[in-house]
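The values are calculated or read from the model by the stated rules, or taken from the named source; none is laboratory data. For clarity, every value in this text was computed on a predicted model and none was experimentally measured. As a convention, Cβ positions derive from the backbone with ideal geometry for all residues, glycine included, and neighbour counts pool all protein chains shown.
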Amino acid sequence: MKDLNGTKAAIRAGYSKNTARFQASRMLTNDNIYEHFVKHFNKLIKKKEVGVTEILEELKIVGFSNITDYLEFDNDGVKLKNSKKIDREKLKAIESIKTKELENGVNKSLKLYSKIGALSRLLDYLELQQDDDGPNNLTIKITRKRIK
């Protein structure tokens with residue numbers, strides 16, 4: 001139950017890369033293996049208070065944040081937008097806001113969480129979910145067929 005990818009699980013179990021996908025499919029037709037998988041999958045889902053979907057949404061907010069959502073640029077320079085003008089979800093991408101008193105005024109700085117880090121983690125997840133045939137739209141499908 002490492003990554004919910006049957007092909008990768010079969011490879012870890014010692015099957016060759018050439019036959020791993022077939023072996024994973026074949027093993028799920030075994031009633032004992034299928035029941036074991038469903039039992040542990042359901043435990044895993046119940047156990048997690050925060051699911052993959054919530055984590056992916058947070059990473060998406062950070063990864064696709066845009067500095068203009070938080071700052072206004074005009075002839076006078078750069079200003080922080082009023083937080084009431086910023087979508088609540090987009091506020092999650094802010095790591096910190098600092099204010100420093102200077103002799104000639106106030107210096108404010110805004111730091112967003114790393115876009116590169118968030119996009120890299122999203123890409124890692126997408127690669128984990130990808131089979132040899134391409135992405136599977138991040139859905140979990142459990143198919144059970146009898147092979148004769």
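What to note about this one:
So that you can scan it fast, the table gives a plain yes or no per residue for (1) at pLDDT 80 or above; (2) in a helix (DSSP H, G or I); (3) within 30 Å of E95 (Cα to Cα):
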| site | (1), (2), (3) |
| --- | --- |
| D3 | no, no, yes |
| N18 | yes, no, no |
| R21 | yes, yes, no |
| S25 | no, yes, no |
| V38 | no, yes, no |
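- Within the range 56-98, being assigned to a loop (DSSP other than H, G, I, E, B), under 29 Å from E127 (Cβ atoms) and in contact with a Leu (Cβ under 9 Å, 6 or more places away or on another chain) holds for F64, S65.
Rundown of residues vs (1) exposed (fewer than 11 other Cβ atoms within 10 Å of the Cβ); (2) farther than 27 Å from I55 by Cβ, yes/no style:
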{"site": "I67", "(1), (2)": "no, no"}
{"site": "D74", "(1), (2)": "yes, yes"}
{"site": "V78", "(1), (2)": "no, yes"}
{"site": "D87", "(1), (2)": "yes, no"}
{"site": "K92", "(1), (2)": "no, no"}
{"site": "G105", "(1), (2)": "yes, yes"}
{"site": "S109", "(1), (2)": "yes, yes"}
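- For the range 111-129, the count of residues that are in a strand (DSSP E or B), surrounded by 11 or more Cβ atoms within 10 Å (Cβ to Cβ) and within 21 Å of the chain's Cα centre (by Cα) is at least one.
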